[in-house]
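Asker: I am attaching a structure below and will ask some questions about it afterwards.
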Amino acid sequence: LLKELARHEMFKLISRLDLEKEKEIALSANATSADSLSAVFDVINSDSADFLTDGIERLYINIHFNGETPDFIGIATNDKIFIVDNDSLFFNAFLKKLFENTKEIFTDNSKRLFAYCLKNDISAKNIRFDISLAAYLLDVNSSDYSVRALALSYNVNSLKPEFKNEFSEAFYENNKEFCECLCLMKVLSDRLSAIITERNQMKLLTEIEIPLAEVLASMELYGMKVDPDGIRAFSEMLSDRIENLEKDIYDLAGEKFNINSPKQLGVILFEKLGLPAKKKTKTGYSTNAEVLESLAEEYPVVSMILEYRTFTKLKSTYCEGLLKAVSSDNRIRSTFNQTETRTGRLSSLEPNLQNIPVRTPLGREMRKFFVAENGYKIID
């Protein structure tokens, strides 16, 4: 049942049926199956990991982050798995050498790897494969591109860990999810790589998607410069207009009520003022945009309510929402997701910088608050 649900990516149902434990069993069953490979699992310090930077052809890499700081890096080869501790003194020097001397780096999240390298002046030009991006190209309709979910979906075997010592075994148990993913990365990467090659999509992955991941990492790191004082002034102006509109709406309605309550608004418009009701739902009259827009030309109060909604949305979502996201250097840093949409477009999260208003003149004012750095210009 678990394998069948995983094949159809019904991960919520797996969770609802409490099959998470079976998921663990399935992964470990894969790991101990007859055709699985074993790998020596060891934990080392970056100052004793020089042998990993001696021109190895291919490495499978994943970094474990605690916030923005990496705790350790997991590195898999054909028959060995190493956890390299972040001892801070040698870690970045080790990473720099590792990235420069390895011909091919396979990972599961190239954007995160690019971001860390960009921050720390490490050249990461040898990233040749990204599990999540490859899986996205193979199936844009999936909702989960994690290593564990993909391992179940593609029914791949894990590298079976053979522990170097008790310390490495304890480390594995304490960081089980990360270590299990690391054990799966090699086999999963090779499987996806074969399918991508078979479907003639390798060029798309290596020449468009992975380079784009580096561009997005730099965009997230650099951020968008804004004018917070301008946003605050605009927000205050909106507050004044909202206040004036409230007074005018109350005057026309003949009483105060909660304009944001569809139920109260429906009673005022369609019972007290006798406007023609277009739709009625189980909870009362419909006051959605379509209904109000059909009445706005004939009834000034409806036109004012639509304006009120526009201004309150601008103030709460855009002015207040964006001001919360402004950092100390007056920049907003969004997350750009490459594997979210079904059409290949990007999506932007926390905050969404792809839905700044443009349809109304007042909405377009918001765009003026995204500004260029001194000496630069914004172009399109």
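Throughout, read-outs are computed from the coordinates displayed, never taken from laboratory work. This one's a predicted model, so the numbers in the text were calculated from it and none came from an experiment. Note: ideal-geometry Cβ built from the backbone for every residue, glycine included; neighbour counts use all protein chains shown.
Asker: What's the Cα-based Rg to Rh of region 94-190, Rh via Kirkwood?
Answerer: Working: Rg = 14.9 Å, Rh = 14.9 Å.
Ratio of gyration radius to Kirkwood radius for region 94-190: 1.00.
Asker: Over region 125-262, what is the relative contact order in percent, taking alpha-carbon pairs closer than 8 angstrom and at least six residues apart?
Answerer: Relative contact order comes out at 28 percent.
Asker: At q = 0.11, 0.12, 0.13 Å⁻¹, what log₁₀ I(q)/I(0) does the chain have when each alpha carbon counts as one equal point scatterer in the Debye sum?
Answerer: Scattering profile of the chain, log10 relative to I(0): -0.91, -0.99, -1.07.
Asker: Over region 36-175, what relative contact order in percent results from Cα pairs under 8 Å that are six or more residues apart? Write down the numbers at each step before the final one.
Answerer: Values: 217 pairs, mean separation 42.0, N = 140.
Computed over region 36-175, the figure is 30 percent.
Asker: To the nearest 20 debye, what charge dipole does the chain have about its Cα centre, counting +1 at the Cβ of each Lys and Arg and -1 at the Cβ of each Asp and Glu?
Answerer: Details: 48 positive and 58 negative charges, 262 e Å.
Using Cβ point charges on Lys, Arg, Asp and Glu, the chain gives about 1260 debye.
Asker: Just for the chain, what percent of DSSP beta bridges are antiparallel, to the closest 5?
Answerer: Values: 21 of 38 bridges.
The antiparallel proportion sits near 55 percent.
Asker: Would you mind checking LYS119/LYS368; LYS279/LYS324; LYS119/LYS315; LYS280/LYS368 for any pair whose Cα atoms are more than 31 angstrom apart? Don't jump to the answer; show the numbers that get you there.
Answerer: Numbers: LYS119/LYS368 29 Å; LYS279/LYS324 38 Å; LYS119/LYS315 34 Å; LYS280/LYS368 40 Å.
Pairs exceeding the cut-off: LYS279/LYS324; LYS119/LYS315; LYS280/LYS368.
Asker: Same structure, new question: Got a sec to turn the phi values of region 60-65 into Karplus ³J(HN,Hα) couplings, 6.51 cos²θ - 1.76 cosθ + 1.60 with θ = phi - 60°, whole Hz, x for Gly and Pro?
Answerer: Per-residue couplings from phi come out as 9, 10, 9, 9, 8, 9 Hz.
Asker: Count neighbours as other Cβ atoms within 10 Å of each site's Cβ, and list the trypsin sites (Lys or Arg not before Pro) in region 262-354 that are DSSP loop with at most 13 such neighbours. Intermediate results must be reported in sequence, preceding the final value.
Answerer: Numbers: sites: LYS263, LYS272, LYS278, LYS279, LYS280, LYS282, ARG309, LYS313, LYS315, LYS324, ARG331, ARG333, ARG342, ARG345; in loops: LYS278, LYS279, LYS282, ARG333, ARG342, ARG345.
Taking region 262-354 and a limit of 13 other Cβ atoms within 10 Å, the loop trypsin sites (Lys or Arg not before Pro) found are LYS279, LYS282, ARG342, ARG345.
Asker: Turning to a different aspect of this structure: Return the single residue from ALA149, ALA233, ALA134 with maximal mean-square fluctuation; model: Gaussian network over the chain, springs between Cα atoms under 10 Å.
Answerer: ALA233
Asker: Placing +1 on the Cβ of each Lys and Arg and -1 on the Cβ of each Asp and Glu in the chain, which of ILE131, GLY55, GLN264 has its Cα farthest towards the positive end of the resulting dipole?
Answerer: My answer, from the dipole projection, is GLN264.
Asker: Then there's this: Counting only helical runs of four or more DSSP H residues, what would the 222 nm mean residue ellipticity of the chain come to if each run contributes -39,500 (n - 2.57) and the total is spread over all its residues? Could you put the intermediate results ahead of the total?
Answerer: Values: 16 runs with 169 residues, N = 380.
Taken over the chain, the calculation gives -13500 deg cm²/dmol.
Asker: If you keep only loop residues by DSSP, which chymotrypsin sites (Phe, Trp or Tyr not before Pro) in region 241-323 have at most 16 other Cβ atoms within 10 Å of their Cβ? Intermediate values should be presented prior to the final figure.
Answerer: Numbers: sites: TYR250, PHE257, PHE270, TYR285, TYR308, PHE311, TYR318; in loops: PHE257.
Those that pass, being in a loop and sparsely packed, are PHE257.
Asker: Show me, for region 362-375, the HN-Hα J-couplings you get by feeding each phi into the Karplus relation (A = 6.51, B = -1.76, C = 1.60, θ = phi - 60°), rounded to Hz, glycine and proline as x.
Answerer: Each residue of region 362-375 in turn: 5, x, 5, 4, 4, 5, 5, 7, 8, 10, 8, 5, 3, x Hz.
Asker: Let me ask you something else. Using 19 Å as the cut-off for backbone N distance, which residues of region 70-85 belong to the label zone defined by a point 7 Å from the Cα of LYS103 along Cα→Cβ?
Answerer: Flagged as within label range: 76-80.
Asker: Compute the orientation-averaged projected area for region 145-196 from the convex hull of its Cα atoms and round it to one decimal in nm².
Answerer: Values: hull surface 14.8 nm².
Over all viewing directions, region 145-196 projects a mean Cα-hull area of 3.7 nm².
Asker: Run the numbers on the chain and let me know its relative contact order in percent, using alpha-carbon pairs under 8 Å that are six or more apart.
Answerer: On the way: 526 pairs, mean separation 56.9, N = 380.
Contact order relative to length: 15 percent.
Asker: Enter the per residue convex hull volume of region 269-322, computed from alpha-carbon coordinates, in Å³ rounded to the nearest integer. Walk me through the intermediate numbers first.
Answerer: Details: hull volume 5.1 nm³, N = 54.
Cα-based convex hull of region 269-322, divided per residue, equals 95 Å³.
Asker: Ratio of region 265-380's C-alpha Rg to 2.2 N^0.38 Å, to two decimals? Spell out each step's value before the answer.
Answerer: Details: Rg = 19.3 Å, N = 116, 2.2 N^0.38 = 13.4 Å.
Relative to the rule-of-thumb radius for its length, region 265-380 sits at 1.44.
Asker: I need the GluC sites (Glu not before Pro) found in region 199-308, filtered to DSSP loop residues with at most 10 other beta carbons within 10 Å of theirs.
Answerer: Values: sites: GLU207, GLU209, GLU214, GLU220, GLU236, GLU243, GLU246, GLU255, GLU271, GLU290, GLU293, GLU297, GLU298, GLU307; in loops: GLU255, GLU297, GLU298.
Loop-located and lightly packed - GLU255, GLU297, GLU298.
Asker: Extending each Cα 7 Å along its Cβ direction at LEU13 and ALA170, get the distance between those two points in nm, one decimal.
Answerer: In this crude spin-label approximation the distance works out to 4.3 nm.
Asker: Want the number for THR317 to THR343: 0.36 nm per residue separation, take away the alpha-carbon distance, what's left? Working shown, then result.
Answerer: Values: separation 26, 0.36 × 26 = 9.36 nm, distance 2.61 nm.
Here the segment from THR317 to THR343 would lengthen by 6.7 nm.
Asker: Suppose R0 equals 45 Å. What FRET efficiency, 1/(1 + (r/R0)^6) with r the Cβ-Cβ distance, do LYS324 and LEU252 give to the nearest 0.05? Walk me through the intermediate numbers first.
Answerer: Values: r = 34 Å, r/R0 = 0.76.
Efficiency at R0 = 45 Å is approximately 0.85.
Asker: Under a point spin-label approximation (7 Å from Cα along Cα-to-Cβ), what is the PHE163-LEU204 distance to one decimal in nm?
Answerer: Rounded to a tenth, the inter-label distance reads 4.3 nm.
Asker: Return the long-range amide H neighbours of GLU340 (sequence gap of 5 or more, or a different chain), with a cut-off of under 5 Å between placed amide H atoms.
Answerer: Under 5 Å from the amide H of GLU340 lie the amide H atoms of SER347, each far enough along the sequence or on another chain.
Asker: For region 135-207 and region 281-337, what is the separation of their C-alpha centers, rounded to whole Å?
Answerer: Between the Cα centres of region 135-207 and region 281-337 lies a distance of 43 Å.
Asker: Using amide H atoms built in the peptide plane, which far-off residues or other-chain residues are under 5 Å from ILE63 H to H?
Answerer: Sorted by chain and number, the residues that satisfy this are GLY74.
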